[in-house]
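Novice: Pasting in a structure now, in structure tokens, and then I'll have a few things to ask.
The values are calculated or read from the model by the stated rules, or taken from the named source; none is laboratory data. These figures come from a predicted structure and were not determined experimentally. For neighbour counting, all protein chains shown are included, and Cβ atoms are generated from backbone atoms with ideal geometry for every residue, glycine included.
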Amino acid sequence: MCRNKFIPLSVPNLKGNELAYVTEAVKTEWVSTAGPFIADFEHQIAEYVKVPGAAACQSGTAGLHLSLMALGVKAGDEVIVPTLTFIAAVNPIRYIGAEPIFMDCDDSLTMDAGKLKKFCENECEFRGETLFNKKTGKRVSAVIVVHIFGNLADMEQIISIAEMYHLKVLEDATEALGSYYLEGTYSGNYAGTIGTMGVYSFNGNKIITTGGGGMIVSQNPDLAERCRFLSTQAKKDSLYFVHEEVGFNYRMTNLQAAFGLAQLEQLEDFIKVKQKNYERYICQGVALLPFKENIRSNAWFYSYATKNRDGLIRFLDKHQVQSRPVWQLIHTLKPYRGCQAYQVEKAYQYYECIVNLPCSSNLSETDVDRVAELVKKFEKSDIGCL
């Protein structure tokens, strides 16, 4: 009976103080966008990733939207983004009336820094101190770097390119809370803390969750404070309801923050389990895509490359194991088909072959072994060899 149980792809692990902290929030009646747990959660996230400023918000998507505004990206600008990512990394660009330029990935699935440099060198030009796209005539103002599945992009090279071409760098670290560099210029620096601003997500499938929520971080506390201000309807005077600019209802609730504090207490344990299960898949003969050797990855999501992606997904589903393909490339989706995509090649290859396998932090060794056996059985079959 146990062998036939359903194994989900990625679900929350709620075995800590979640109920106790949420109950306290309810008992004190601080359940909305005010209350002590919010400030505590901001402080503890900032302390964990070693930054002076953090602002809790409604979602990772909201965090990216607010960050782009705080960085001064304007309507009519262009922002360089990866095409191999979740669409939430791209939509906020359109929220502010800007346009994305899509970049290819490298073998880490993160933005190809070499192509980013080539694009800036060959497809852009300076007008004074500002970079413009030769093809469109628009200002290129920022780069959104996405750390895919807990892997880290080549931030050393990307920051160097951004400084050379006067671009702001926004890190979408929604999948990489807890990942950091082990060597190089940014040794000891966490994902989200290297660019001008960074954003984390606490969606239900992330390494820690608040049910839904996000966090903006920055080495510049003024930028975090600017986002906090915008997230609370840009209220200049809280007594007399003075609003001098358009704001948003993007603040995290006290209930969510209470939940998040309990999750944060367990983060390092979650990472250890994810790393252990990642290694167990490999020991069981499943050649997962590697994380970079120069980082401590949070091992959030496991990626497996196969010749028959859809066949494997159907096979696992038949045996009560949930899996998924990687996202459809954003520049091929209807809302973004008219946007510029620069030398996208490798992203197509990975889109066609990647299957994400179960990776929850409460996944047992028995579960890992069962999934591994199913993957190997499929690959040895006539279907898997197609």
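Novice: Could you check how many residues of region 307-320 are assigned to a loop (DSSP other than H, G, I, E, B) and surrounded by fewer than 18 Cβ atoms within 10 Å (Cβ to Cβ)? Before you say what the answer is, go through the steps one by one.
Specialist: Step one: list which residues in region 307-320 are assigned to a loop (DSSP other than H, G, I, E, B), which gives 307-308, 319-320.
Narrowing the set further to residues that are surrounded by fewer than 18 Cβ atoms within 10 Å (Cβ to Cβ) leaves 307, 319-320.
Residues meeting the conditions: 3.
Conditions (1) closer than 30 Å to F259 by Cβ; (2) more than 21 Å from the chain's Cα centre (by Cα); (3) not assigned by TED's automatic domain parsing to the domain that holds I271, marked per residue:
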position	(1), (2), (3)
K138	no, yes, yes
G150	yes, no, yes
D154	no, no, yes
S160	no, yes, yes
D172	yes, no, yes
T185	no, yes, yes
V199	yes, no, yes
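Novice: Another question, then. Look through Y240, Y186, Y180 and report the one residue that is free of Cβ contacts under 8 Å to residues at least 24 places away in the same chain, aromatic (F, W, Y) and surrounded by fewer than 24 Cβ atoms within 10 Å (Cβ to Cβ). Step through it out loud before you land on a result.
Specialist: Values: Y186 fails: free of Cβ contacts under 8 Å to residues at least 24 places away in the same chain; Y180 fails: free of Cβ contacts under 8 Å to residues at least 24 places away in the same chain.
Answer to the selection: Y240.
Novice: Could I ask something else about it? All but one of (1) without any contact (Cβ under 8 Å) to a residue 12 or more places away in the chain; (2) assigned to a strand (DSSP E or B) hold for N122; state the number of the condition that does not hold.
Specialist: Just one mismatch for N122, condition (2).
Novice: May I pose another question? Answer yes if at least one residue in region 303-321 is touching a strand residue (DSSP E or B) at 6+ places or on another chain (Cβ under 9 Å) and within 30 Å of V49 (Cα to Cα), and no otherwise.
Specialist: Yes, region 303-321 has at least one match.
Novice: Which one of V26, V31, V11, V79 is outside the structural domain of G204 (by TED's automatic domain parsing) and among the aliphatic types (A, V, I, L, M)? Show your work before the answer.
Specialist: On the way: V26 fails: outside the structural domain of G204 (by TED's automatic domain parsing); V31 fails: outside the structural domain of G204 (by TED's automatic domain parsing); V79 fails: outside the structural domain of G204 (by TED's automatic domain parsing).
Just one listed residue meets the conditions, V11.
Novice: Additional query: In this structure, does F291 turn out to be aromatic (F, W, Y), assigned to a helix (DSSP H, G or I) and either crowded, with 18+ Cβ neighbours inside 10 Å or touching an Asp or Glu at 6+ places or on another chain (Cβ under 6 Å) (or both)? Walk me through it before giving the result.
Specialist: Details: aromatic (F, W, Y): yes; assigned to a helix (DSSP H, G or I): no; either crowded, with 18+ Cβ neighbours inside 10 Å or touching an Asp or Glu at 6+ places or on another chain (Cβ under 6 Å) (or both): yes.
Against the criterion (aromatic (F, W, Y), assigned to a helix (DSSP H, G or I) and either crowded, with 18+ Cβ neighbours inside 10 Å or touching an Asp or Glu at 6+ places or on another chain (Cβ under 6 Å) (or both)), F291 does not qualify.
Novice: If you go through region 262-292, how many residues are of a type in the set (D, E, K, R), within 11 Å of Y302 (Cβ to Cβ) and free of Cβ contacts under 8 Å to residues at least 60 places away in the same chain? Walk me through it before giving the result.
Specialist: Taking region 262-292 and keeping what is of a type in the set (D, E, K, R), we get 265, 268-269, 272, 274, 276, 279-280, 292.
Cutting the leftovers down to within 11 Å of Y302 (Cβ to Cβ) gives us 274, 279-280.
Add one more test, that the residue is free of Cβ contacts under 8 Å to residues at least 60 places away in the same chain, and what stays is 279.
Total meeting the criteria: 1.
Per-residue answers, yes or no, for (1) outside any helix (DSSP H, G or I); (2) of a type outside the set (V, I, T); (3) surrounded by 14 or more Cβ atoms within 10 Å (Cβ to Cβ):
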| site | (1), (2), (3) |
| --- | --- |
| Y278 | no, yes, yes |
| Y281 | no, yes, yes |
| W300 | yes, yes, yes |
| Q328 | yes, yes, no |
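Novice: Now for a separate question. For region 142-158, which positions are surrounded by fewer than 24 Cβ atoms within 10 Å (Cβ to Cβ) and in contact with a Ser or Thr (Cβ under 8 Å, 6 or more places away or on another chain)?
Specialist: D154, E156
Novice: Only one of (1) modelled with pLDDT of 95 or more; (2) over 15 Å from the mean Cα position of the chain (by Cα); (3) of a type outside the set (S, T, N, Q) fails for G211. Which number is that?
Specialist: (1)
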